[in-house]
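In what follows, a structure is listed as structure tokens, so that the remarks can point back to it.
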Amino acid sequence: MKRIKINEIFLWWIIFLLVILVYGAGLFVDLLEPDAALYAEVSREMASSGNYLNIMLKGLDWLDKPHFQFWVTAFSYCLLGVTLIAYKLPAILFIFLAAYYTYQFALRYYSEKHAMLASLILLTAQHIITSNMDVRAEPYMTAFTIMGLYYVAVYLDTKKIIHLFLCSASLAALMMTKGLFTIIPVAAAVGCTLLVQQKWKEIFHWQWLLCVAFTLICISPTLYGYYQQFDMHPEKWIFDHQSVSGIGFFLVDSQWGRFVNTGPIKGNGDLFFFVHTLLWAFLPWAWIAYYALFQKAKNIFQKTNQTETYTFFGFIVMFLIFSISKFQLAHYMNPIFPLLAIMCAAAIIDAGKKALRVLTILQFVVIAILFIAAGSLIYFFQDKLLHVDTIIVLLTAIIFVVIIILSKQKTPQLLLVFVPVIITLSINYYLNREFYPRLTQYQSQTTVADYYLKQQLPINQLVVLDVTEFSTSVKLNKNIPVLGVEKVKAIDLKNKFVYTTERGLNKMDKMQLKYSLVKEFEDFHITMLTGTFINKSTRSTVLTPVYLLKVE
């Protein structure tokens, strides 16, 4: 059988096209409740009011995440309107900015081949792709983490103040996205590297005071915003307390409270949570990541082949802090994925023949698992035919994988990198094009809003009873009143369209309100999937009815 020739540059272009298709398909997936929809609603209210210093949710003071993401999204709404694309496009642009700085960092300390591979690894890591479909704060943090590390590393080499200022601006943007703890990877990367190199003069140099001063100047809009919204108003009730400091919450309470489990949101904590989370969150590169960390740690301790140590210390310190934290979520690791991607690229390129063989075998095991998982998902979940473009993408991916395997120029690196990338991207195209859009049809906050718009019902007459919703308000571009069953009064519901649950319906019956059923919807908490729901034959047993009613 004649071997097929394959052009590696052509493969890079195919993968680039697949990346664009996957991220583009994610733009059109409806907002998932609660987090992404909540952030979108905060941004919508900010854009609607024109008040960019106060952070409001449903017309009430909201003290949780700082301003930066909401500023960006509100500005995007002003340019593009309150749409899915306006909410998600800035996040995708920021993740490509993260890929650019990942490339620049790797290019500075390794080679162009390392840099291209590191960027590819970052853009194709599973949770990076997912977080650009279900957009929260992570794409912004990912960009500013590697951007800050890049500029401080360049500053230490060049001593040009402009680089220190750009580092400070990146750290300020990180803090204004999710608080003080976000700068730990950059600080740990620099601090531990200088300690290992025993550069004591650099550690105690006045330059860091200048960095702090630059950073404080850059975060002053957020400090002032919190001060005038909360610190100036001790009479406000926040988290069931008065005299709550917005600045104190921003600088300390927000992240520290979660770490020690004293904040308003609590968790349980699992020492090995991120060890096993990495296995799926960094697919298809997870096993390579463990190998890369081992190799980097060995080189550091043996003082051999130390190209740079920023990436290792920045990643490992934050990873350990996350692991001992009591509040843990998978997306917490996204901002340090650029550091891991750079180490993975170096590990792949520098690996010996034996290591490459083992890693290739592990990659093909991962591919087999992905094939089985994707096939099972399509078989059990899909209750409709796939779109033609999805079928084309999946078949094309299989054809290219076969071509690579049969290619006479194939190398271990070619098998190790391109095959899993193509498989991962094609599966994610299916997820963004088929799975998630179908999933959101069981999110009643979305389906009620779609129905309301389609029927052109009066938006000013809609109220929500006993449902937590944010995406309905975003879709209707209106702050929809949300009422609780304990405090609701009959006057609140008269002459209204009421979107409610079974419990809300019973409350209305007790109040002896007269109403008519407009439409019944099926609801499921789609961010908490179960096997029973995934299986289309048993799905109906876990669906909850919700109602759109017209009260006389």
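The values are calculated or read from the model by the stated rules, or taken from the named source; none is laboratory data. Everything quoted here is computed from the prediction, not taken from an experiment. Virtual Cβ from ideal backbone geometry, glycine too; neighbours counted across all protein chains shown. These area figures cover heavy atoms from the full protein model, side chains too; ligands, DNA and RNA do not enter into them. Shrake-Rupley method; radii C 1.70, N 1.55, O 1.52, S 1.80 Å.
Take segment 134-193, drop everything but the C-alpha atoms, weight them equally and run the Debye formula without solvent; then report log10 I(q)/I(0) at 0.14, 0.16, 0.27 Å⁻¹ to two decimals.
-0.35, -0.46, -1.08
Mind checking which aspartates and glutamates have their Cα closer than 19 Å to the Cα of LYS236? Skip sequence neighbours fewer than 8 apart in that chain.
Reachable aspartates and glutamates: ASP61, ASP64, ASP253.
Per residue and in cubic angstrom, what volume does the convex hull of the Cα atoms of the chain have?
Once divided by residue count, the hull of the chain is 166 Å³.
What are the extents of the Cα atoms of segment 370-498 along their three principal axes, in Å, largest first?
So the extents along the principal axes, rounded to whole Å, are 76, 27, 27.
What figure in square angstrom, to the nearest 10, would you give for the accessible area of TYR332 with a 1.4 Å probe?
Surface open to solvent at TYR332 totals about 30 Å².
Please enumerate, by chain and number, the aspartates and glutamates with C-alpha under 12 Å from the C-alpha of LYS58, excluding those fewer than 8 residues away in the same chain.
GLU41, GLU45, GLU469
Looking at the square roots a ≥ b ≥ c of the eigenvalues of the Cα gyration tensor of segment 77-231, which shape do they give, rounded for a/c under 1.5, prolate if a/b is larger than b/c, or oblate?
Here segment 77-231 falls in the oblate category.
Run lengths n ≥ 4 of DSSP H only: what is the helix-derived mean residue ellipticity at 222 nm for the chain, with -39500 (n - 2.57) per run over all residues, to the nearest 500?
-19500 deg cm²/dmol
Against the 2.2 N^0.38 Å scaling, with N counting residues, where does segment 466-552 land? I'd like the Cα-based Rg ratio to two decimal places.
Dividing the Cα radius of gyration by 2.2 N^0.38 Å gives 1.22.
Quickly work out the LEU513-to-LEU53 label distance, labels modelled 7 Å from Cα along the C-beta direction, and quote it in nm with one decimal.
My value for the distance between the label points is 3.9 nm.
Would you mind working out the accessible area per residue for segment 425-552, using a 1.4 Å probe, and quoting it in Å²?
On a per-residue basis, 48 Å².
Taking only protein heavy atoms and a 1.4 Å probe, what accessible area per residue, in Å², does segment 1-146 have with all protein chains in place?
Result: 37 Å² of accessible area for each residue.
Could you list which residues have their amide H under 5 Å from that of LEU57, counting only those 5 or more apart in sequence or on another chain, with H placed in the peptide plane?
Amide H neighbours of LEU57: TRP62.
Express in whole angstrom the spacing between the alpha-carbon centres of segment 491-505 and segment 462-477.
The two parts, judged by their Cα centres, are 13 Å apart.
So who's got an amide H within less than 5 Å of the one on LEU462, skipping anything under 5 residues away but keeping other chains? H placed 1.01 Å off N, in plane.
PHE497
Under 13 Å from a label point 7 Å along Cα→Cβ of GLU552: give me every residue in segment 513-530 with its amide N that close.
Within reach of a label on GLU552: 513-517.
Among ALA37, ALA189, LEU414, pick out the residue whose Cα is farthest towards the positive end of the charge dipole of the chain, where Lys and Arg carry +1 and Asp and Glu carry -1 on C-beta, about the Cα centre.
The Cα lying farthest towards the positive end belongs to LEU414.
Averaged across orientations, what area in nm² does the convex hull of the alpha carbons in segment 147-240 project?
7.2 nm²
Using the alpha-carbon centroid of each, what span in Å lies between segment 159-205 and segment 279-338?
Rounded to whole Å, the Cα centres lie 18 Å apart.
Leaving out same-chain residues fewer than 8 places away, which aspartates and glutamates sit with a Cα under 13 Å from that of LYS159?
Once the sequence-local aspartates and glutamates are set aside, what remains near LYS159 is GLU202.
Using only the alpha-carbon atoms, how far is helix 138-158 inclined from the longest principal axis of the chain? Give it as 0 to 90 degrees, nearest 10.
So the inclination is approximately 30 degrees.
Would you kindly state how much longer the chain becomes between PHE28 and ILE85 on full extension, computed as 0.36 nm times their sequence separation minus their alpha carbon distance, in nm to one decimal?
In short, 19.8 nm is gained.
How far is helix 353-381 tilted off the main Cα axis of the chain, in degrees rounded to 10, range 0 to 90?
Value to nearest ten degrees: 20.
On the Cα set of segment 1-158, report Rg and Dmax in Å, please.
Rg and Dmax of segment 1-158, Cα atoms, are 18.7, 70 Å.
Relative to the longest principal axis of the C-alpha atoms of the chain, give the angle of the C-alpha long axis of helix 337-350, reported between 0 and 90° and rounded to the nearest 10°.
30 degrees
So between LEU195 and GLN302, what do we pick up on full extension, going 0.36 nm a residue minus the alpha carbon distance?
Here the answer is 36.9 nm.
Given a 1.4 Å probe and every protein chain left where it sits, what share in percent of the accessible area of the chain is carbon and sulfur?
The nonpolar share, carbon plus sulfur, comes to 65 percent.
If the label point is 7 Å along Cα→Cβ of VAL275, which residues in segment 321-361 have backbone nitrogen under 13 Å from it?
Of the residues in segment 321-361, 323-324 have backbone N under 13 Å from the label point off VAL275.
Pull out the extension gain between GLN461 and SER243, defined as 0.36 nm times the separation in residues minus the alpha carbon to alpha carbon distance; nm, one decimal.
Length gained, GLN461 through SER243: 74.9 nm.
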